[in-house]
Amino acid sequence: MVREAVKFQFSDDFKVAFKRLLKKYRTLKQDLLKVMDEIQESPSEVGVPLFATVRKMRMAISAKGRGKSGSARLILSLYQQEGIVFFLFIYDKNEMENVSDEFIKEILKDMEDAEN
């Protein structure tokens with residue numbers, strides 16, 4: 001059985017946060033590609049469920065040399081039926097402890113508004 005390739009999409013909030021972190025951590029692009037490979041392998045098993053289709057995933061930042069625990073967090077929205085993973089937001093664990101459900105829902109709403 002051949003598995004369909006997962007399609008990745010990125011919210012504007014993710015792009016802005018990623019660009020800011022990339023200035024600080026030059027390995028971030030390669031680190032994200034590793035995570036995307038992980039997701040491609042088993043999309044249903046990534047991260048921790050937050051609510052509905054939204055999951056939080058840890059991502060190591062090689063430039064920090066600390067593994068996943070003190071590195072970045074990804075907020076994803078998985079649509080398994082369609083084979084799409086939306087990258088909603090990324091943040092450095094040292095800069096932000098957690099993101100609220102309200103913040104995530106606002107990003108989802110902005111994405112929905114942009115589509116219409």
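Numerical summary
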{"item": "Total residues in segment 95-116, condition in a loop (DSSP other than H, G, I, E, B) and within 19 Å of residue 48 (Cα to Cα)", "result": "5"}
{"item": "From 50, 32, residue being part of a strand (DSSP E or B) and either touching a Cys at 6+ places or on another chain (Cβ under 7 Å) or aliphatic (A, V, I, L, M) (or both)", "result": "50"}
{"item": "Residue under evaluation residue 39, criteria (1) part of a helix (DSSP H, G or I); (2) modelled with pLDDT under 90, criterion not met", "result": "(2)"}
{"item": "Any chance residue 103 is at pLDDT below 90, out of contact with any Gly (no Cβ under 9 Å at 6 or more places or on another chain), surrounded by 12 or more Cβ atoms within 10 Å (Cβ to Cβ) and of a type in the set (A, V, I, L, M, F, W, C)", "result": "yes"}
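The values are calculated or read from the model by the stated rules, or taken from the named source; none is laboratory data. No experiment lies behind these values; they were computed from the predicted model shown. Glycine also receives a Cβ, built like all others from the backbone with ideal geometry; neighbour counts cover every protein chain displayed.
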